[in-house]
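Report on one structure; see the data block that follows.
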Number of protein chains: 2
Amino acid sequence: MGTLREPTRRERQREATYDEIVRASRELLAEGAELSLRAVAARMGVTAPALYRYVASYQELVDLVAYEIDKAATIGFRAAADELPEDDYAGRLLVSTTAFRQWALASPREFGLVFANPVADAACVRREQLTLASSGHLLTGQMRALWEHTHHPIPSLEELPAAVRESVLDPVIPAEVEGLAPAERGLVWLYMQGWTQLYGVVALEVFGHMDPRVIESGEMFVDTLRHFVPRLGLADDWPRLERLVRERLASAQ
Amino acid sequence: MGTLREPTRRERQREATYDEIVRASRELLAEGAELSLRAVAARMGVTAPALYRYVASYQELVDLVAYEIDKAATIGFRAAADELPEDDYAGRLLVSTTAFRQWALASPREFGLVFANPVADAACVRREQLTLASSGHLLTGQMRALWEHTHHPIPSLEELPAAVRESVLDPVIPAEVEGLAPAERGLVWLYMQGWTQLYGVVALEVFGHMDPRVIESGEMFVDTLRHFVPRLGLADDWPRLERLVRERLASAQ
DNA sequence: TCAGGAAAGTGAACGGTGTAAACCGTAAAC
DNA sequence: GTTTACGGTTTACACCGTTCACTTTCCTGA
């Protein structure tokens, strides 16, 4: 509260160093090298223990760059949606989803860092927030925008299992729930279902636990979307949506 | 070809050492320790380089114990099914699936080792075989047994996308396809869909990228099953199957 | 039976990792 | 202008996977 004073010179310097840490880390990842404190430090022209002035541990470094990677990637997902008209809510959602899948396949190491490093029990809450912060926020936001427009059927609070009801009424994950009436919280359950579906295919593809030809063609991804879109009231729109998705799959491939 | 001679003493000794390597590794994992060559060696009362007489690298050690862990866990999944009558094909499949989920939640490190370590491009084929060897074989076998019994609808070869058609006609994954006529290969696509669904929820739960209350209750797992069983022609059987699944979820929890 | 040889295991060493402690100059703060 | 604290270095420790040279042991073939 009160006036937030402008950052002092030292604070700016410090912020710049954080940026350089992230930049060096991302370069390492992009070059296929291991992400290690020493490698990051070396690339910055600094010795390893110096990084402990900025992160308390290796895990914290990982969390930091994971957060930033997710943030940067989300810009791409949003840009993909912006190729479509603002009122094509379904198209925007599916196109962002496809961009997510393409990014994951093209950057498996980054995907693993963000979405496949187990959540520690200690800083659990914070990690949860980080995990779904950017990309999750975008996708749930797009799902909500779609629903605001079409008001497709959603599960009612009564029909939800007790644990799920609690979870959607007081969500841990910072999804788009502000101003969502309790009767409309079934939408949050749809968020979670959709995220589960998307995470499932993409993780399976990235880790390669699937026939390479199926991965390369993206047919399992398309199939997963096809089975899910009816829950968003988009069954009739599927042919058009499929075309949009396949265009994106082909171009990036 | 010809007579397979009985193993000499040295070969028996060597085999026993392999067993001890796996045993020591699994003990380490179970105790929450890191799996490392040195730790395994120390536990065996041996020095680290000695292990190189048995595995060519650390990665090969990981592959070895991953394979054995999967094999051992599968025995449990099969045992879970054996609590049901031999002709309750649907029940057996869902109960084994539930056992898989419970095992993964209870042994996250082991699950990660088997199902979340990226497939190397080099020994790709071999790794694929390992990956889905035991547990995958069991579940696809159960799906096939179910279909042999009910002959529920399956996708026809013509309606499958080209890449998928190739993949089911000449599968990389050693699923239950022997003696499966080309016209029946749509079943393999169902295998893959089912595996994707199962892997998705379970991986998400294990890695904790989901509301803890939803994980703990298992509601997302149940919901995933509910949405999938109709593809196996089991829509009418769902109430009974749900009861079976929930019993198992509650008991192990 | 005995010599030869392969197999199994050891010790030391190299380069790599995360992390802790002690230390120091310099730049900000009073 | 003194004091303080920040950002950095050096050194060190305990691990890690891996290689190499060497020894011991046991099996095999003449």
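What follows is calculated from the coordinates using simple rules that are stated; it is not laboratory data. Predicted, not measured: the structure shown is a model, and the values here were computed from it. Using ideal geometry, Cβ is built from the backbone for each residue, glycine included, and neighbour counts are taken over all protein chains shown.
May I ask which residue of chain A has the beta-carbon nearest to the axis carrying chain A onto chain B, and at what distance in whole Å?
A:GLY200, 1
What is the local net charge at B:PHE221, summed over the other residues whose Cβ is closer than 9 Å to its Cβ (Lys, Arg +1; Asp, Glu -1)?
-2
Please give the calculated 222 nm ellipticity per residue for chain B, where each DSSP H segment of at least 4 residues contributes -39500 (n - 2.57) and the sum is spread over every residue; nearest 500 deg cm²/dmol?
After summing the helix terms and dividing by the residues of chain B, the value is -21000 deg cm²/dmol.
If Lys and Arg each add +1 and Asp and Glu each add -1, what is the summed charge of the other residues whose beta carbon sits under 12 Å from the beta carbon of A:GLU166?
With Lys, Arg at +1 and Asp, Glu at -1, the net is -1.
Label the protein assembly as shown by shape, choosing from rounded, prolate and oblate, from the square roots a ≥ b ≥ c of the eigenvalues of the Cα gyration tensor; if a/c is under 1.5 it is rounded, and otherwise prolate applies when a/b is larger than b/c, oblate when it is not.
Oblate, because a/c is 1.5 or more while a/b does not exceed b/c.
Could you derive backbone 3J(HN,Hα) for the range A:157-166 from the dihedral phi with the Karplus parameters 6.51, -1.76 and 1.60 (θ = phi - 60°), listing whole Hz in sequence and x where the residue is Gly or Pro?
4, 5, 7, 7, x, 3, 4, 5, 4, 3
Nm distances between the label at A:TRP238 and the same-position labels in the remaining copies, 7 Å along Cα→Cβ, shortest first?
Output for A:TRP238: 1.6 nm, nearest copy listed first.
Residue by residue, what Karplus-based ³J(HN,Hα) values in Hz, rounded to whole numbers, does the range A:178-184 have, using 6.51, -1.76 and 1.60 with θ = phi - 60° and x for Gly and Pro?
Karplus-based 3J(HN,Hα) across the range A:178-184 equals 4, x, 9, 4, x, 5, 9 Hz.
Report the normalised scattering of the range A:4-89 as log10 I(q)/I(0) at q = 0.26 Å⁻¹, calculated by the Debye formula with identical scatterers on the alpha carbons.
Summing over Cα pairs of the range A:4-89 leads to -1.29.
How compact is chain B by the rule of thumb for globular proteins, expressed as Cα Rg over 2.2 N^0.38 Å?
1.12
I'd like to know which of B:PHE100, B:TRP147, B:LEU244 lies farthest towards the positive end of the charge dipole of the range B:67-252, counting +1 on Cβ of Lys and Arg and -1 on Cβ of Asp and Glu.
B:PHE100
Using the Cα centre of the range B:67-252 as the reference point, and only Cβ charges (+1 on K/R, -1 on D/E), how large is the resulting charge dipole? Debye, rounded to the nearest 20.
340
Could you give the angle, 0 to 90 degrees to the nearest 10, between helix A:186-207's Cα long axis and the longest principal axis of the Cα atoms of chain A?
Rounded to the nearest ten degrees, it is 60.
log₁₀ I(q)/I(0) of the range A:1-54 at q = 0.18, 0.20 Å⁻¹, via Debye over equal Cα point scatterers, no solvent, to two decimals?
For the range A:1-54 at q = 0.18, 0.20 Å⁻¹, log10 I(q)/I(0) is -0.62, -0.71.
Can you give the mean number of other chain Cβ atoms that lie within 10 Å of the Cβ atoms in peptide A:186-192?
2
With an 8 Å cut-off on Cα pairs and a minimum separation of 6 or more residues, tell me the relative contact order of chain B in percent.
17
Averaging sequence separations of C-alpha pairs under 8 Å and six or more residues apart, then dividing by the length of the range B:1-54, give the relative contact order as a whole percent.
Answer for the range B:1-54 is 25 percent.
What FRET efficiency comes out for the pair A:ALA72/B:ALA235, r = Cβ-Cβ distance, R0 = 45 Å, nearest 0.05?
0.55
With an 8 Å cut-off on Cα pairs and a minimum separation of 6 or more residues, tell me the relative contact order of the range B:37-95 in percent.
The normalised contact order for the range B:37-95 reaches 19 percent.
What nm distances, shortest first, do you get from the label point of B:GLY45 to those in the other copies when the point sits 7 angstrom along Cα to Cβ?
5.6
Can you work out the FRET efficiency for the pair A:THR150 and B:ARG23, with r the C-beta to C-beta distance and R0 = 56 Å, to the nearest 0.05?
0.45
I need the peptides A:35-43, B:236-244, B:102-110 ranked by packing, meaning the mean over residues of other C-beta atoms within 10 angstrom, with the highest value on top.
So the order, starting with the most tightly packed, is B:102-110, A:35-43, B:236-244.
Taking the Cα centre of the range A:58-252 as the origin and placing charges on Cβ (Lys, Arg +1; Asp, Glu -1), which of A:ALA73, A:TYR191, A:GLY136 is farthest toward the positive end of the dipole?
Of the options given, the answer is A:ALA73.
Under the classification rounded if a/c is under 1.5, otherwise prolate if a/b is larger than b/c and oblate if not, where does the range B:132-182 fall, given a ≥ b ≥ c as square roots of the Cα gyration tensor eigenvalues?
Oblate.
Calculate the dipole size of the protein assembly as shown relative to its Cα centre from +1 charges on Lys and Arg beta carbons and -1 charges on Asp and Glu beta carbons; express the result in debye to the nearest 20.
In total the dipole reaches around 1600 debye.
Compute the signed sum of charges (Lys and Arg +1, Asp and Glu -1) over the other residues within less than 12 Å, Cβ to Cβ, of A:LEU138.
+1
At 7 angstrom along the Cα-to-beta-carbon line, where would the label on A:GLU86 sit relative to the other copies? Give the distances in nm, shortest first.
Spacings between copies for this position, smallest first, are 6.8 nm.
Compute the FRET efficiency between B:HIS137 and B:MET44 as 1/(1 + (r/R0)^6), taking r as their Cβ-Cβ distance and R0 = 41 Å, and round to the nearest 0.05.
Plugging the Cβ-Cβ distance into 1/(1 + (r/R0)^6) gives 0.85.
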